[in-house]
Amino acid sequence: SGYRLPAPIELLDADAICAAISPRLAARLGPLHVFHELDSTNNWLREQSHAGVPSGSVCLAEMQSAGRGRRGRRWVSPFAANLYLSLLWRSAAGVAALGGLSLVTGIAVLRCLRAQGLETIGLKWPNDILAGDAKLAGVLIDVVGESSGPCAVILGVGINVCMPTLAAEGIEQGWTDLQRLCSADVMPSRNRLAASLLEHLLPAIAEFEKSGLQPFLEEWHRYDVVTGREVDLHLPGGTVSGTACGIDEGGALLVDTPQGRQRFTSCEVSVRIAS
């Protein structure tokens, strides 16, 4: 009698995504590409950045064979299950002016997910979105360019939509997905979710480019789920433990340790909430 899928599959559609984006923001959007499979959407846009593709270019893939998380970790990317999206942004200010962009991207993802009705989610420094202590979404930022000259920034976002349990067996931390958090009648389609993500990313980047991190600090503090908790910080030279005390105006994590209050930046440390 043939085969039956355990659940319906909605494939990504570039036309459907573009049609769901408001005309006001569509003007900021570059070409939008959807692929059956890539090694990594960030890798593809990174290569295209050298070829001169415009700011606002977007890449999505149904699956990734070598999806990446922070610090070189593997991002599990099964076919047509989750959302893997990368956005190219060209900045004239240079790499040195990008401090805090990782946090701003996390806030944009949080706004997108809260717009889907998820009101109990929060931010784990520097840019993970958690439901409880389970990871729902993450951000990876790659930069191509000089420290003081024009650069291309690739903002990669992964959102767990309907993660197959078998595919997730290799994930080394607690995780969740939209299917587990949303009722069936409000479960967003992946195409609408991609459009909503771009609707929140583009204005956030524009505001960051104009005003920096400052306009986002209050919102970060409001949804920060790490402050006041014991944390372990895994550095190349070892592990530092202490109590998280929020972020400073530059977006660095502040931690009270036995040696006193210390400041950590995203390029130096990975944070895990201690059990």
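Among the numbered conditions (1) within 26 Å of His33 (Cβ to Cβ); (2) in a helix (DSSP H, G or I), the only one that Arg180 does not meet is (1). Residues in the range 211-234 that are more than 16 Å from Ser102 (Cα to Cα) and not aliphatic (A, V, I, L, M): Arg222, Thr227, Gly228, Arg229, Glu230, Asp232, His234.
Whenever a residue of the range 235-255 is without any contact (Cβ under 8 Å) to a residue 12 or more places away in the chain and closer than 21 Å to Leu98 by Cβ, its partners that are in a strand (DSSP E or B) and open to solvent by less than 30 Å² (accessible area, probe 1.4 Å), lying with C-beta atoms within less than 9 angstrom and at least six residues away or across chains, give the pairs Leu254/Ala244; Leu254/Gly246; Leu254/Ile247; Leu254/Phe264. The condition of being out of contact with any Phe, Trp or Tyr (no Cβ under 7 Å at 6 or more places or on another chain) and either within 24 Å of Leu38 (Cα to Cα) or assigned to a helix (DSSP H, G or I) (or both) holds for only one of Leu202, Leu155, Leu110, Leu130, that being Leu202. Look at the range 121-140: where a residue is over 20 Å from Asn42 (Cβ atoms) and buried (at least 22 other Cβ atoms within 10 Å of the Cβ) and a partner is among the polar types (S, T, N, Q) and modelled with pLDDT under 95, sitting 6+ places away or on another chain with Cβ atoms under 6 Å, you get Ala131/Thr176. Screening the range 23-39 for residues that are more than 16 Å from Val53 (Cβ to Cβ) and surrounded by 11 or more Cβ atoms within 10 Å (Cβ to Cβ) and picking the one that is nearest to the chain's Cα centre (by Cα) gives Asp39.
The values are calculated or read from the model by the stated rules, or taken from the named source; none is laboratory data. Every value quoted in this text rests on a predicted model; they were computed, and no experiment measured them. Neighbour counts are summed over all protein chains in view; Cβ atoms, including those assigned to glycine, are modelled from backbone coordinates with ideal geometry. Note: accessible area is taken over every heavy atom of the protein model, side chains too, but ligands, DNA and RNA are not part of it. Shrake-Rupley method; radii C 1.70, N 1.55, O 1.52, S 1.80 Å.
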